[in-house]
Amino acid sequence: IQVAVPRVYEKVYAGVMQKAKGVRHSLLLWAKAVGRRWAEARLDGREPGVLTRLQYSLADRLVFSKIRAAVGGRVRFFISGSAPLNPDLALFFYSAGMTILEGYGLTETSPVTNVNPIEDIRIGTVGPPIEGTEVQIAPIPGWDLGAGEGEVLVRGPQVMLGYYKRPEETAEVMDDDGWFHTGDIGILDEDGYLRITGRKKNIIVTAG
């Protein structure tokens with residue numbers, strides 16, 4: 001299991017693309033397109049068509065197996081956090097047999113609150129809350145947001161009690177019911193999967 005920020009996966013992907021030259025580059029692009037069709041079907045709960053399955057089997061043997069071997073050949077799955085993961089990158093790694101589970105959390109939440117389960121990945125989300133953790137969306141007065149969108153609030157045993165000797169700052173983020181106000185903006189789908197859509201605080205989080 002490998003845990004890293006999105007920038008690490010971006011560099012791995014860039015390295016793969018840059019090393020492939022000539023015929024190998026064309027083969028890689030073909031495998032990528034086949035893998036995308038296969039991955040989109042699987043993630044949508046559908047069985048890929050016969051032709052796609054045959055093409056994917058060939059692409060896996062010629063291309064994806066070599067990429068897996070280049071990263072050690074023993075990785076069960078990756079975990080990504082700290083910044084948004086490019087969905088196209090997530091699809092590529094999934095199709096190559098190197099699933100990335102995107103998660104979410106903050107230093108104040110020790111740090112994980114959400115992560116995609118490997119048996120039901122939804123690319124573009126950070127997954128449902130982990131066991132014992134509650135997440136809710138609170139409206140932000142004066143903000144023009146989409147339906148169901150608002151500030152992400154978290155409550156659970158991993159949430160801090162407060163900032164050390166900083167009661168005023170603690171009161172700004174912790175309410176009387178134990179909810180921690182993350183400062184991130186998001187939306188929950190019907191199955192409780194969280195999608196981060198923005199940030200309330202004036203902080204820019206880059207892929208690195």
Item checked: Reachable lysines, given that their alpha-carbon falls under 17 Å from the alpha-carbon of Lys19 and they are not under 8 places away in the same chain -> Lys11, Lys32, Lys66
Next item on the list: Convert each backbone phi in the stretch 8-24 into a coupling constant with the Karplus relation 6.51 cos²θ - 1.76 cosθ + 1.60 (shift: θ = phi - 60°), then list the ³J(HN,Hα) values in order as whole Hz, x for Gly and Pro.
Entry: 5, 5, 5, 5, 4, 4, 4, x, 4, 5, 6, 6, 7, 10, x, 4, 4
Notebook entry, point to check: How big is the stretch 1-151 in terms of Cα radius of gyration and Dmax, in angstroms?
Noted result: 17.7, 56
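Tell me, what % of the accessible area of the chain is carbon and sulfur with a 1.4 angstrom probe? Kindly include the intermediate steps, with their values, before the conclusion.
Working: 6590 of 12150 Å².
C and S fraction of accessible area: 54 percent.
Averaging over all projection directions, find the projected area of the Cα convex hull of the stretch 65-208 and quote it in nm² with one decimal place.
One quarter of the hull surface, i.e. the mean projection, equals 10.4 nm².
What is the dipole size for the chain, taken about its Cα centre, with +1 at each Lys and Arg Cβ and -1 at each Asp and Glu Cβ, in debye to the nearest 20? Intermediate values should be presented prior to the final figure.
Numbers: 24 positive and 25 negative charges, 395 e Å.
Using Cβ point charges on Lys, Arg, Asp and Glu, the chain gives about 1900 debye.
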Notebook entry, point to check: Of all DSSP beta bridges in the chain, what percent run antiparallel (nearest 5)?
Noted result: 75 percent
Item checked: the stretch 85-98 - phi-based ³J(HN,Hα) in whole Hz, Karplus 6.51/-1.76/1.60, Gly and Pro as x -> 9, 4, x, 5, 5, 4, 5, 4, 5, 4, 5, 7, x, 10
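Find the Cα radius of gyration of the stretch 134-207, compare it with 2.2 N^0.38 Å by division, and give the number to two decimals. Numbers along the way, then the final one.
Numbers: Rg = 13.0 Å, N = 74, 2.2 N^0.38 = 11.3 Å.
Taking N as the residue count of the stretch 134-207, the ratio is 1.15.
In Å², what does the accessible area per residue of the stretch 1-93 work out to with a 1.4 Å probe?
Working: 5740 Å² over 93 residues.
Here the residues of the stretch 1-93 average 62 Å² of exposed surface.
Counting only heavy atoms of the protein chains, get the accessible area per residue of the stretch 100-207 (1.4 Å probe) and round it to a whole Å² value. Mind showing how you got there, number by number?
On the way: 6230 Å² over 108 residues.
With all protein chains present, the stretch 100-207 gives 58 Å² per residue.
I need the trypsin sites (Lys or Arg not before Pro) found in the stretch 95-197, filtered to DSSP loop residues with at most 10 other beta carbons within 10 Å of theirs.
Numbers: sites: Arg122, Arg155, Lys165, Arg195; in loops: Arg122, Lys165.
Taking the stretch 95-197 and a limit of 10 other Cβ atoms within 10 Å, the loop trypsin sites (Lys or Arg not before Pro) found are Lys165.
The values are calculated or read from the model by the stated rules, or taken from the named source; none is laboratory data. Everything numeric here is computed off the predicted structure, so don't read it as measured data. Glycine gets a Cβ as well: all are built from the backbone with ideal geometry, and neighbour counts include every protein chain shown. Each accessible area value is taken on the protein alone, full model and side chains, heavy atoms only, with ligands, DNA and RNA left out. Shrake-Rupley method; radii C 1.70, N 1.55, O 1.52, S 1.80 Å.
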